[in-house]
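*Asks:* Mind having a look at this structure? Questions to follow.
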Amino acid sequence: MTIANQKMDKLRNATSLKTNAHVDLREWFFKNLFLCSAAIGIISLILIGYFIFREGFAAFSHSGVSGIVLGDQWLPPALFGIAPMIVASLVSTAGAVIVGVPIGVLTAIFIAEVAPKRLANLIRPAVELLAGIPSVVYGFFGLVIIVPLIQETFNVPAGNTILAGIIVLAVMILPTVITVSETSIRAVPRTYKEGSLALGASQMYTIFRLLVPAARSGIMTGVILGIARALGETMAIIMVMGNSPAMPGSLLESARTLTANIAIEMSYATGIHASALYATGIVLLVFIMALNGALLYLNRERAR
């Protein structure tokens, strides 16, 4: 009987060792798989940055950083000032954020907390469908509807203006802001709302003084993604803003953004001209990184 028990124990130990080895191998595989995935993302970012900086270095050597960033004349192959494009990009993005973010956040609050479930289930797919519309379709919408409307309303020679770009970009960032904000508001523990209502607070007070501040981090993430979408948009902007490389004097003048400048001229640019377009991409990348970094820092500080 003792010998049989010993044999059974040895068999169990051998089986346990095989199981542990199998589990350890699987753990090792997935751990390295996740590590490789993260490394691919980081390496891709480094390679993109290296390639853009390498190609744009010749333009900075030719005109200098101040000559490109602060120059107000774009006349290739002699002058490569992109200050008008920087102003147009920043103004159009800021306008889109001012118009689109409040509408997006309020819509997210309505879907998450105010609307009946049946109505919310109708609005949510519509917002997701809005996110799937190609940018060229937004451009057609702006070209056919918004541009003539601006021309008639403000009595300007052409409606292809910064204002048209702001309106189109505001519509384009709505799906991102709404989706991320709604998800963040829904992620707030329901006990927060129940406790506030139990203490006698109204629904609106609970939403704006409790739920929205608790979801601020996620809402800010949606805003950052919306800003990145607005800064990086190209096709729709080319169709509605007129693409003039001159410094704009008002919202009712034509302008060209950084992305539009690259898309319009890259197909035929050569030599130092092409390098100047890569330099434009460097400036755009720096702006996006700085803006996102500043917003993330402010969001983290406020959360503390």
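What follows is calculated from the coordinates using simple rules that are stated; it is not laboratory data. Since we're looking at a predicted model, the values are computed, not measured. Neighbour counts run over all protein chains shown; Cβ positions are idealised from the backbone, glycine included.
*Asks:* Take the Cα coordinates of region 69-303, assign each an equal point scatterer, and use the Debye formula without solvent to give log10 I(q)/I(0) at q = 0.11, 0.17 Å⁻¹.
*Replies:* Each listed q maps to, in turn, -0.64, -1.18.
*Asks:* Another question, if that's okay. Arrange ASP72, ASP24 by Cβ neighbour counts within 10 Å, fewest through most, would you?
*Replies:* ASP24, ASP72
*Asks:* What is the ratio of the Cα radius of gyration of region 65-148 to 2.2 N^0.38 Å, where N is its residue count, to two decimals?
*Replies:* 1.65
*Asks:* What is region 69-303's relative contact order, in percent, from Cα pairs under 8 angstrom and six or more apart in sequence?
*Replies:* This gives 28 percent for region 69-303.
*Asks:* With an 8 Å Cα cut-off and a minimum separation of 6 or more residues, compute the relative contact order for region 58-173 in percent.
*Replies:* Reported as a whole number, the value is 26 percent.
*Asks:* Grab the Cα-Cα distance for VAL136 and ILE48, subtract it from 0.36 nm times how many residues apart they are, and report the gain in nm with one decimal.
*Replies:* Gain in length upon complete extension: 29.1 nm.
*Asks:* Between the helical axis of 216-232 and the dominant principal axis of the chain, each derived from Cα atoms, what acute angle in degrees is found, rounded to the nearest 10?
*Replies:* Approximately 40 degrees, to the nearest ten.
*Asks:* Ok, one more. Could you bin all the Cα-Cα distances of region 197-270 into 5 Å bins starting at 0 and give me the percent of pairs in each, rounded to whole numbers?
*Replies:* 3, 13, 15, 13, 11, 9, 8, 9, 8, 5, 4, 2, 1, 0
*Asks:* Something else: At 0.36 nm per residue, minus the direct Cα-Cα distance, what do ASP72 and ALA294 gain on full extension? Give it in nm, one decimal, please.
*Replies:* Taking ASP72 through ALA294 to full extension adds about 77.3 nm, to one decimal.
*Asks:* Any idea which of ILE272, ILE282, LEU296 is furthest toward the positive side of the dipole for region 195-304, if Lys and Arg beta-carbons carry +1 and Asp and Glu beta-carbons -1?
*Replies:* The residue sitting most towards the positive pole is LEU296.
*Asks:* What spacing in nm lies between the two simple spin-label points modelled at THR191 and ALA214, each 7 Å away from Cα in the Cβ direction?
*Replies:* For the pair THR191/ALA214, the computed spacing is 1.0 nm.
*Asks:* What ratio of Cα Rg to 2.2 N^0.38 Å holds for region 41-189?
*Replies:* Here the Cα radius of gyration is 1.39 times the empirical estimate.
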